[in-house]
Number of protein chains: 2
Amino acid sequence: MTTSVETWARQVRAGDIRAVSRAVTAIENRAPGAEELLQRLFPHTGQAYRIGVTGAPGTGKSTLVDRLAAHYRKAHQTIGVIAVDPSSPFTGGAILGDRIRMQGHASDAGIFIRSMATRGSLGGLADATSDVALLLDAAGKTYVLVETVGVGQAEIEIVRLADCTLVVLIPGMGDDVQNLKAGLMEIADIFVLNKCDREGADRFEEQLRAMLSIVPERDGWRPPIVRTVASESQGIGELAAEIARFRAHTATSADRRGQKIEYWKRRLVDMLELRLLERVLPGQQGEARLGALASEIADRKKDPYAAVNELLSDAGLREAK
Amino acid sequence: MTTSVETWARQVRAGDIRAVSRAVTAIENRAPGAEELLQRLFPHTGQAYRIGVTGAPGTGKSTLVDRLAAHYRKAHQTIGVIAVDPSSPFTGGAILGDRIRMQGHASDAGIFIRSMATRGSLGGLADATSDVALLLDAAGKTYVLVETVGVGQAEIEIVRLADCTLVVLIPGMGDDVQNLKAGLMEIADIFVLNKCDREGADRFEEQLRAMLSIVPERDGWRPPIVRTVASESQGIGELAAEIARFRAHTATSADRRGQKIEYWKRRLVDMLELRLLERVLPGQQGEARLGALASEIADRKKDPYAAVNELLSDAGLREAK
């Protein structure tokens, strides 16, 4: 068993696509062996540059990620792409999507694309995404692109792992302000104004620039706006240049180590919480029980303290007083 | 011991200020007896209307809350005020502040004001605030006002318990857009434009109104903007009228019960996580240990999976495989 995980880890580190693919599935299913594999791989991580890409549906994120990946491939970099959809409960469609997306890079072993979707259970998607990002890092990818659909709290949680976060906007969604809600201003290192051949692009850029000019800088960085037409591969080189400029900027930032430590503190707490919650409220049964208890509490038929003690007792975790 | 908690609960329900005060302290310190007390009180909760008040420092939230409380007192309603400062690690200053604030209502037993601040430990402030809100509810307060300093994620977490959330803005902070970041648009049921006798109030209101007009309605409600000068008690009656209008609107909303159940699901998970985390990483020692482990992980001297297993083992919570 130990030998087999050892071999598996060696294959992953060599970039073997089948071994990496099997590892992603094991991480998603929280299968036995996944953790041991990740433990073996962890010392070899920390080399990949992680780029988060977020934005509302319809902004052309997938195309942008594909073209950015193709740009890096031309420079002989290896790429991992994780496409995360927190709103989708099934992976079926996503897997089909992977196949279609992979066709453009069919014979290219230097690029690995995988979609991940939530399973409707408690948390876990951000955890799995972090683990897959580490896996691709250990597999020697120079860039790991994490793309999330949507702009809510779950997506922000997911891009937190990124070294550089791109927020993708498009002009003419009829709702300029809406695109900037939900803390997007706070997480963006670079704004990408995609589909900028559309009407209203100049006005939109002007508004965004005016907005950015009054927001305080973070660590001496003011997020630039890069105009792209991803479907025509326009502006991709400029985007890569801005990413490189941001990377150079943060490499010398004094906050860098502190941020990494903060990230790992948060991750450790998330991992602990997930491990413990899975024990108290396992799977779909756990989810159903949580709903039933919440409903009794809302009706004042049960108190929340009794509910928590009940859950802890049943899981054998009630502390002796 | 049981009799004593029974008496305590009876005193709280009668609105005895000393008993309520002692209970807040017990909740803050997670003292023995607090949970038993809350369990006894819980069936008597669900009557108070909870109003969350949030906004950037300097917007005059405390004055606004004081005047709104005074308005309700005139109508013979009883009031509980919880002032939460997630950024302050000490309660000393806050307690002094309470004494000053209480002076305006010195001889009035119908109003109870208490400040809460974080203790620098993992989470817990949102939990304690929820518990104190339940306590004041059980103590028969008709309105519980929860005021938070600041506009970050922690504050949003805290006002989540509110039935109605006021977001307080002021004109002329030199930085209009900044005031609306961090998901404030999403949590506001009512916008309060305080200090509206200042220059630029009209322009600010116009901008805000333009912004609101393009944001989709939530459950058929578009957040109104109420202009106030809290220090002069101007606009307070109108604000109370808008709160009443929102209350009437949501009382008939089909989503209401679903929202309450969602709230309790979330609260149960939070309570579970807090209970379990406190066992794995207790107090300041736990915080220090978390920081040390995160630092080792950032340096790749330890892997995060080993760190989690180590923490769970030491707490006697490692699952037998």
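The values are calculated or read from the model by the stated rules, or taken from the named source; none is laboratory data. Predicted model, so just to flag it, every value in this text is computed and none were measured. Cβ coordinates were reconstructed from backbone atoms using ideal geometry, including for glycine residues, and neighbour counts include every protein chain displayed. Accessible surface is based on the protein model in full, side chains and every heavy atom, while ligands, DNA and RNA are left aside. Shrake-Rupley method; radii C 1.70, N 1.55, O 1.52, S 1.80 Å.
Okay, here's what the table says:
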{"read-out": "Straight-distance crosslink candidates among aspartates and glutamates, where the alpha carbon sits under 19 Å from B:LYS302 and sequence neighbours closer than 8 are dropped", "value": "A:GLU6, A:GLU35, A:GLU36, A:ASP127, A:ASP131, A:ASP137, A:GLU262, A:ASP270, B:GLU287, B:GLU310, B:ASP314"}
{"read-out": "Pair-distance profile P(r), taking every C-alpha pair of region A:185-234, with 5 angstrom steps and integer %", "value": "5, 20, 28, 21, 15, 9, 2"}
{"read-out": "Mean shadow area of region A:248-319, taken as a quarter of the surface of its Cα convex hull (nm²)", "value": "7.5 nm²"}
{"read-out": "Average partner coverage of B:139-145, which counts Cβ from other chains inside 10 Å", "value": "0"}
{"read-out": "Prolate/oblate/rounded call for region A:212-261, Cα gyration tensor, a/c under 1.5 rounded", "value": "oblate"}
{"read-out": "Heavy-atom accessible area ranking, 1.4 Å probe, most first, across A:ARG267, B:ARG318", "value": "B:ARG318, A:ARG267"}
{"read-out": "Estimated inter-spin distance, B:GLN47 and B:ARG13, nm [label 7 Å along Cα→Cβ]", "value": "1.0 nm"}
{"read-out": "Proximal aspartates and glutamates relative to B:LYS74, as straight alpha-carbon distance under 12 Å, when same-chain residues fewer than 8 apart are discounted", "value": "B:ASP108"}
{"read-out": "Residue-span extension gain [A:ARG198 to A:ALA109] - 0.36 nm each, minus C-alpha spacing", "value": "28.5 nm"}
{"read-out": "Alpha-carbon centroids, region A:259-299 and region B:185-228: separation in whole Å", "value": "36 Å"}
{"read-out": "Gain upon complete extension [A:TYR263, A:GLU238; 0.36 nm per residue less C-alpha separation]", "value": "6.1 nm"}
{"read-out": "Given B:LYS61/B:LYS195; A:LYS141/A:LYS265; A:LYS301/B:LYS260; B:LYS141/B:LYS260; A:LYS141/B:LYS301, the pairs whose alpha carbons are separated by over 18 Å", "value": "A:LYS141/A:LYS265; B:LYS141/B:LYS260; A:LYS141/B:LYS301"}
{"read-out": "Long-range HN-HN contacts of A:THR78 with modeled amide H, under 5 Å", "value": "A:THR142, A:TYR143"}
{"read-out": "Amide proton proximity set for A:GLN234, modelled H, under 5 Å, gap of 5+", "value": "A:VAL229"}
